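See structure below.
Rule-based calculations on the coordinates, nothing more; no lab input. Being a predicted model, the structure only gives us computed values, none of them experimental. Heads up, the Cβs are rebuilt from the backbone with ideal geometry, glycines too, and the neighbour counts pull from every protein chain shown.
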């Protein structure tokens with residue numbers, strides 16, 4: 001099993017489940033997000049975990065090829081940037097999160113994007 005398939009098998013199903021929960025129980029997801037945004041400690045901790053995830057992905061999967069595997073590499077770099085911003089600029093992250101919660105369609109758009117990307121990575125990881 002290649003590193004790409006391994007990461008696709010980890011990331012794809014998690015994104016699919018996240019998308020399903022965002023679409024099926026929007027009120028609960030909104031409540032979780034509101035609780036999360038009210039805690040600077042949780043924002044910081046999420047930053048640490050996201051940064052670790054991104055560094056791990058980029059360390060083991062820094063492939064710049066023009067096929068499906070580049071999605072995993074880009075995901076790793078997005079995690080690094082996102083983790084850094086959550087740790088270094090938690091106040092701004094809170095403002096952005098609050099804005100996203102006020103803008104109702106954003107959760108649906110994020111859910112659909114997670115679902116599509118998760119389905120594709122799951123397909124590449126388990127079926128292709």
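Taking Cα atoms, how many degrees apart are the long axis of helix 40-60 and the longest axis of the chain, rounded to 10 and kept between 0 and 90?
On a 0 to 90 degree scale, this one is about 10.
To make sure I understand, if each residue's beta carbon is the centre and we count other beta carbons within 10 Å, what order do 84, 66 fall in, fewest to most?
With the fewest neighbours first, 84, 66 line up as 66, 84.
Among (i) 34, 30, 26; (ii) 41, 32, 19; (iii) 69, 50, 24, which is the computed Cα extents along the principal axes in Å?
(ii)
Most exposed first by the Cβ proxy, i.e. fewest other Cβ within 10 Å, how do 113, 15, 37 rank?
Ranking 113, 15, 37 by Cβ neighbours within 10 Å, fewest first, gives 113, 37, 15.
What is the packing order of peptides 101-109, 40-48, taking the mean over residues of other C-beta atoms within 10 Å and listing the highest first?
Highest-to-lowest ranking by the protection proxy: 40-48, 101-109.
Under 8 Å for C-alpha pairs, at least 6 residues apart: give me the relative contact order for region 3-127, rounded to a whole percent.
With pairs under 8 Å counted, the relative contact order is 48 percent.
What FRET efficiency do you get for residue 35 and residue 74 if R0 is 35 Å and r is their Cβ-Cβ distance, rounded to the nearest 0.05?
For residue 35 and residue 74, the calculated efficiency is 0.75.
Per residue of the chain, what 222 nm ellipticity follows from adding -39500 (n - 2.57) for every DSSP H run with n ≥ 4, rounded to the nearest 500?
So the helix-based figure for the chain works out to -28000 deg cm²/dmol.
Counting other beta carbons within 10 Å of each residue's own, what order do 30, 86 fall into, fewest first?
So the residues, fewest neighbours to most, are 30, 86.
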